[in-house]
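Report on the following structure.
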Amino acid sequence: MRDVNTSWQRFKIGLSIFVVGAVCLLFFSQYHIVIYLFSLATLFIGFAFAMYGYVGIFLSRFSSLKSKKPPDDI
């Protein structure tokens with residue numbers, strides 16, 4: 001997971017799926033239990049996919065901080 005662009009794309013897709021699940025949960029879940037369960041599943045899948053992308057972004061940022069050398073001002 002070194003590519004930040006791929007991780008960012010995964011995060012955006014996961015966030016979009018999460019928003020669709022949240023909208024379905026808020027507006028359509030009161031009509032039928034199947035819609036409620038589908039909304040919850042969509043919400044959790046979107047969350048997991050967004051977190052998968054976010055972990056890639058975090059690891060990329062963390063590794064770039066780790067690879068920087070301190071200044072030689074001593």
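The values are calculated or read from the model by the stated rules, or taken from the named source; none is laboratory data. Remember, it's a predicted structure, so these values are computed and weren't measured experimentally. So basically every Cβ, Gly included, is an ideal-geometry build from the backbone, and we count neighbours across all protein chains shown. Side chains are part of the model used for accessible areas, which takes the heavy atoms of the whole protein and leaves out ligands, DNA and RNA. Shrake-Rupley method; radii C 1.70, N 1.55, O 1.52, S 1.80 Å.
Report, ordered by the first and then the second residue, all pairs with beta carbons closer than 8 Å, sequence separation of six or more or different chains, a first member in the range 39-68 that is over 10 Å from Phe18 (Cα atoms), and a second member that is part of a helix (DSSP H, G or I) and open to solvent by 100 Å² or more (accessible area, probe 1.4 Å).
That search, which allows pairs on different chains as well, returns Gly53/Trp8; Ile57/Trp8.
With the requirement that a residue be under 25 Å from Leu59 (Cβ atoms) and surrounded by 15 or more Cβ atoms within 10 Å (Cβ to Cβ), what does the range 14-28 give you?
Gly14, Leu15, Ile17, Phe18
Give me the pairs: first residue in the range 19-34 and without any contact (Cβ under 8 Å) to a residue 24 or more places away in the chain, second residue charged (D, E, K, R), beta-carbon distance under 9 Å, and six or more apart or on different chains, which are they?
Correct list of pairs: empty, since none qualify.
Within the range 1-27, which residues are of a type in the set (Val, Ile, Thr) and within 9 Å of the chain's Cα centre (by Cα)?
The answer is Ile13, and nothing else.
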